[in-house]
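Have a look at the structure below, then the notes.
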Amino acid sequence: MPWVVRDAVRDINRMVSRRWQALDRLLPDPAALPAGCGAPLAVNGDNGRLAGLGICVHQHIPAESLNQTWGAADRFTLVPRLAGQDVAAPADALLSQWRDHLAGIGAARGPDTSASVVWPSQDITGIRALLRHGLQPVTVIAARVRPSGPPPAPRGAYGVTIRAAGPADEEQVTDLELRLIRYDMHFGGPVWRAATARLVRAEIRASLARPATWTWLAERAGRAVGLIVAQPPQDAGWITGMTSLAPAAYLQTMFVDQQERGTGIGAALVRHVHAMLDGAGIAVTLLHHSQVNPLSAPFWYRMGYRPLWTSWEARPASALR
Ligand SMILES: CC(C)(COP(=O)(O)OP(=O)(O)OC[C@H]1O[C@@H](n2cnc3c(N)ncnc32)[C@H](O)[C@@H]1OP(=O)(O)O)[C@@H](O)C(=O)NCCC(=O)NCCS
């Protein structure tokens, strides 16, 4: 990277860092920008000085990766760094440049593509620009900080026991996980692929074979009615950089059988896992939920989570305008 660009990135990162800390103390220091597909997109403010940068990252997710189930096969992501109190104008200018950049890329015109921007949820001044460019808020990364006071007494659900899952539970865990994916597909996030069921089962088999699996089942009369899966900090490195606190864990899966919802099973599972995480000194727990899932947002916010990042997406990528 030429020194002029390197200095500009450093100055912008410094300003963005101050801005993010003022918005939300759980945001991290803006990481060094990733290597993108070309030179950074740059926008100037009214005073002619650099007001923001953006890097476009192209990713092709192969069919043999479970990651392809979580979104489009070809993903174009803008990583923005915008300075100033109000980022509406530089966000608008940056998104216009990005749209023009993607319009010149053949791979961005296919049906199985997405254009996305992960935006601090508290950074409200750029939201109208995101909407104007055809982006929709699809998923939220929510966070729960370990409470400082004594933990609430664990509360069970009547007639339900919670236990760690093991290799013999592969069938039940796979069934609940696939039902969660099918449920979440209503909200425009996951895509059912030819390999989804096979890859989910393989991942579950490998994870249940580990000595300490972070997978728990809720059972009523011997039948699995709820599932929760967490990732310890050493497995959650792919997302822990999204927050300033460490160590961070990730809640990967939460599902309760439809007939059993609203009876306290979800809360019992979450409290069970929170007691373990808090006891292990985990400072913050992150999770993804769909912005428009009518069950998950109210549930997670009752359980002590709040929004940290919102992922804005145009799918296909050509819907960016
Ligand atoms: C989200 C889900 C796991 C909640 O499980 P549940 O067993 O129904 O939740 P509980 O009965 O334990 O409810 C716990 C608390 O949240 C509240 N709550 C649960 N769902 C709610 C909703 N949709 N709206 C408002 N409050 C809700 C309950 O009233 C209860 O509050 P209380 O502590 O004051 O009694 C369940 O609805 C589910 O499996 N949904 C489909 C899959 C899904 O969305 N998973 C999350 C993906 S991120």
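From the square roots a ≥ b ≥ c of the eigenvalues of the alpha-carbon gyration tensor of segment 77-171, which class results: rounded (a/c under 1.5), prolate (a/b over b/c), or oblate?
Working: a/c = 3.94, a/b = 1.79, b/c = 2.21.
Taking the square roots of the gyration eigenvalues as a ≥ b ≥ c, segment 77-171 is oblate.
Between the Cα long axis of helix 265-279 and the first principal axis of the chain there is an angle of about 70°, rounded to the nearest 10. Computed from the C-beta positions of ALA283 and ASP100, the FRET efficiency with R₀ = 35 Å rounds to 0.25. With helices as the sole contributors, the chain gives -9500 deg cm²/dmol at 222 nm; each DSSP H run of n ≥ 4 counts as -39500 (n - 2.57), and the sum is divided by every residue. In plain terms, the chain from ALA195 to ASP112 could stretch by 28.3 nm, reckoned as 0.36 nm per residue minus the Cα-Cα distance. Placing pseudo-labels 7 Å out from each Cα toward the beta carbon at ALA153 and ASP175 gives an inter-label distance of 3.4 nm. Label-to-label distance for ALA221 and GLN59 is 4.4 nm, based on points extended 7 Å past Cα in the beta-carbon direction. When DSSP beta bridges are restricted to pairs lying wholly in segment 1-137, around 70% turn out antiparallel. With the Cα gyration tensor of segment 1-59 giving a ≥ b ≥ c as the square roots of its eigenvalues, does the rule (a/c under 1.5 for rounded; else a/b larger than b/c for prolate; else oblate) give rounded, prolate or oblate? Oblate shape, in that a/c is at least 1.5 and b/c is the bigger or equal ratio.
Taking chymotrypsin sites (Phe, Trp or Tyr not before Pro) in DSSP loop conformation with at most 14 other Cβ atoms inside 10 Å as exposed sites, the chain has its longest uninterrupted site-free stretch at 1-157. Computed from label points 7 Å out along Cα-Cβ, the spacing between ALA206 and GLN21 is 3.9 nm. If you plug the beta carbon distance of GLN122 and ALA39 into 1/(1 + (r/R0)^6) with R0 = 30 Å, you get a FRET efficiency near 0.50. Which shape class applies to the chain: rounded if a/c is under 1.5, otherwise prolate when a/b exceeds b/c and oblate if not, where a ≥ b ≥ c are the square roots of the Cα gyration tensor eigenvalues? It comes out prolate by the Cα gyration axes. Distances between placed amide hydrogens fall under 5 Å for ALA165 paired with THR215, TRP216, LEU217, all partners being 5 or more residues away or on another chain.
Quick note: the coordinates plus some simple rules give every number you see, no bench work behind them. As the structure is a computational prediction, the values presented were derived from the model and not from experiment. Note: ideal-geometry Cβ built from the backbone for every residue, glycine included; neighbour counts use all protein chains shown.
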